[in-house]
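Reading through the structure tokens given below for one structure.
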Amino acid sequence: MGEINNWPLDMHVMNLKDQEGRDNFFSLNRCAEGFSVTGGVGSGKTSGSLQFLALNFLKRDFGGIVLTAKTDEVDNWIEYCTATDRLKDLVIFGEHGTDKLCFDPMMFMAKLPGGKNAQNLSALLISLSKMGGRITGAGDGQSQDPFWDAACRRLIGNAVNLLQLAQIDVSIENIDNIIRAAQPEVDIEVKKFLNVCLSQAFINKSNPSDERIFKNVKNYFQVDFKTIPEKTRGSILEIWRSIADPFLNDLLAEYFMGSISEDVSPDMTFEGKIIVVNFSVKEYFEVGAIAQQVYKIMFQRAVERRKVDDSARPVFQFIDESHYFITEQDYLFLTTARSKKCISVYATQQISNYYASLPGTKVKDKVNAFLGSLITKIIHSTTDYVSNDLYAKLIGKSYQRLQDFNASTNKPEQFWRYAYDVEPTEFGKLKTGTEDNGFKVEGMVVSRGKWANGRSFMTLQFDQHSAKKMIKAMEKK
């Protein structure tokens, strides 16, 4: 893979030259504090700052994952990797990839410390079901009543505990087989799997903890579950079906069940792999969103558990159209991502998208916490007043000396006012690239501290043809 083998936090990753030509070097430490990129449709954010960030990360031999909302995202990354001589590290995970790859999240989760915990696995599966409901507009899960979540978690948790004690693979298919067999009305043939699991678990129990787990599991499936009123039990089973069915049918069954291909294990990003999860939301809709959400969560879990020193390769999660993929857990991950040398890039058209995407109550507080954890903001042209007002407040106000003409004295006069350093309307005037603007995209970069201009913000120009120029330069050599 790459030739670089040392990545201290103070290393220079990129240089943000402002419009006056002043250098603004960006360290790995600052990159790992995260980026929020926004810009309206046609603002040039993908071909502007997102391309700029991607090329610089690839030039430094970083590994990472890329989530895809649009169908052409994979083409962008093929171009970026070509321009930086990283095609050998690019893995396209999806139907249009070069190899048939598979990633079973349950198998991967079981490798992680605490991953075998039944409660953790139950929470993961239920959260994925809710993610699918958000994408289709069906809402946040089956019900706002916490009873249903708790009941389904208990069902899944007991099935997981039984499989682990029986030393049978913990998979969605096997969990489903146990749940089907536990229903009172099924025939003897279907019940066989549950009986086999109980018999094997009885043989395998070897300590007081195993005895306790076996007793609880046996009581649940032979007594508790059967005595739940039929209508209530049916509702719990419907919640389980909404979770399991996408994984047992079609796309998710084919790519996310049964094995883990080495090239798409999230750990491979630590070795420099760039994994594009190519199940775009625009092509695969709810299933594509669930598939990528599964992968993002597993990547984040892998990052959180790795040990980091100067020799640890930085990694990134690159998420355009990120309103399709964010969850409340992203904020928690971002609070510790820097210490694990993980760079997070979340891009969307406008802040309002996040308010519309996150479920539940206190949405504004959740979004503000999420954005507050992405220290560097890159703002492209947008007319969204919510975004523009937020950014104007973020940059702040100051006393400004202005000059006006006094008609009564027929002389110019100076006066002071306390006003925004950048008025909200100014963000809509940033250049959006294309031939009319010399293929230059403007973006205002806001971060803590001061840039070379002595302020916390500056306006940059990004070349839309950067990757193409790099490829042409390589071809001439």
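Tabulated data for the structure shown
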item	result
Any hit, segment 235-245, residues being open to solvent by 70 Å² or more (accessible area, probe 1.4 Å) and either in a helix (DSSP H, G or I) or at pLDDT 95 or above (or both)	yes
Scope segment 211-230; condition open to solvent by 80 Å² or more (accessible area, probe 1.4 Å) and in a loop (DSSP other than H, G, I, E, B); matching residues	Pro229
Criterion: under 18 Å from Asn56 (Cβ atoms) and over 29 Å from the mean Cα position of the chain (by Cα) - qualifying residue of Met474, Met458	Met474
Close pairs from segment 383-394: first closer than 17 Å to Ala356 by Cβ, partner of a type in the set (Ser, Thr, Tyr) and at pLDDT 90 or above, Cβ under 6 Å, at least 6 apart	Asp384/Ser352; Val386/Ser352; Ser387/Thr38
Among the candidates Glu271, Glu254, residue that is at pLDDT 95 or above, charged (D, E, K, R) and within 30 Å of Glu95 (Cβ to Cβ)	Glu271
Val308 vs. criteria within 27 Å of Asn6 (Cβ to Cβ), surrounded by 24 or more Cβ atoms within 10 Å (Cβ to Cβ) and either in contact (Cβ under 8 Å) with a residue 12 or more places away in the chain or over 15 Å from the mean Cα position of the chain (by Cα) (or both)	no
Tally, over segment 264-291, of residues that are in a helix (DSSP H, G or I), within 22 Å of Leu87 (Cβ to Cβ) and under 19 Å from the mean Cα position of the chain (by Cα)	6
Test result for Leu90, farther than 21 Å from Ile326 by Cα, at pLDDT 95 or above and touching a His at 6+ places or on another chain (Cβ under 9 Å)	no
Pair list, Cβ < 6 Å and 6+ apart or interchain, from segment 442-470 residues that are touching a residue at least 40 places away in the same chain (Cβ under 8 Å) and of a type in the set (D, E, K, R) to residues that are in a loop (DSSP other than H, G, I, E, B) and open to solvent by less than 20 Å² (accessible area, probe 1.4 Å)	Glu442/Leu430
Total residues in segment 146-165, condition free of Cβ contacts under 8 Å to residues at least 60 places away in the same chain and either over 19 Å from Asn120 (Cβ atoms) or open to solvent by 50 Å² or more (accessible area, probe 1.4 Å) (or both)	5
Matching helices (runs of 4 or more DSSP H) fully within segment 333-432 where at least 1 residues are out of contact with any Gly (no Cβ under 6 Å at 6 or more places or on another chain), open to solvent by 30 Å² or more (accessible area, probe 1.4 Å) and small (Gly, Ala, Ser)	351-357, 363-372
Criterion: at pLDDT 90 or above, open to solvent by less than 60 Å² (accessible area, probe 1.4 Å) and not in a helix (DSSP H, G or I) - qualifying residue of Ile168, Ile178	Ile168
Scope segment 189-210; condition of a type outside the set (A, V, I, L, M), in a helix (DSSP H, G or I) and open to solvent by 90 Å² or more (accessible area, probe 1.4 Å); matching residues	Glu189, Lys192, Phe202, Pro208
Positions within segment 68-86 being acidic (Asp, Glu) and not in a helix (DSSP H, G or I), in sequence order	Asp72, Asp85
Filter result for Ile78 (surrounded by fewer than 19 Cβ atoms within 10 Å (Cβ to Cβ), within 30 Å of Glu286 (Cα to Cα) and modelled with pLDDT of 95 or more)	yes
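The values are calculated or read from the model by the stated rules, or taken from the named source; none is laboratory data. A quick note: this is a predicted structure, and the numbers were derived from the prediction, not measured. Methodologically, a virtual Cβ is constructed for each residue, glycine included, from the backbone with ideal geometry; neighbour enumeration extends over all protein chains shown. Surface areas here come from the heavy atoms of the whole protein model, side chains and all, with no ligands, DNA or RNA. Shrake-Rupley method; radii C 1.70, N 1.55, O 1.52, S 1.80 Å.
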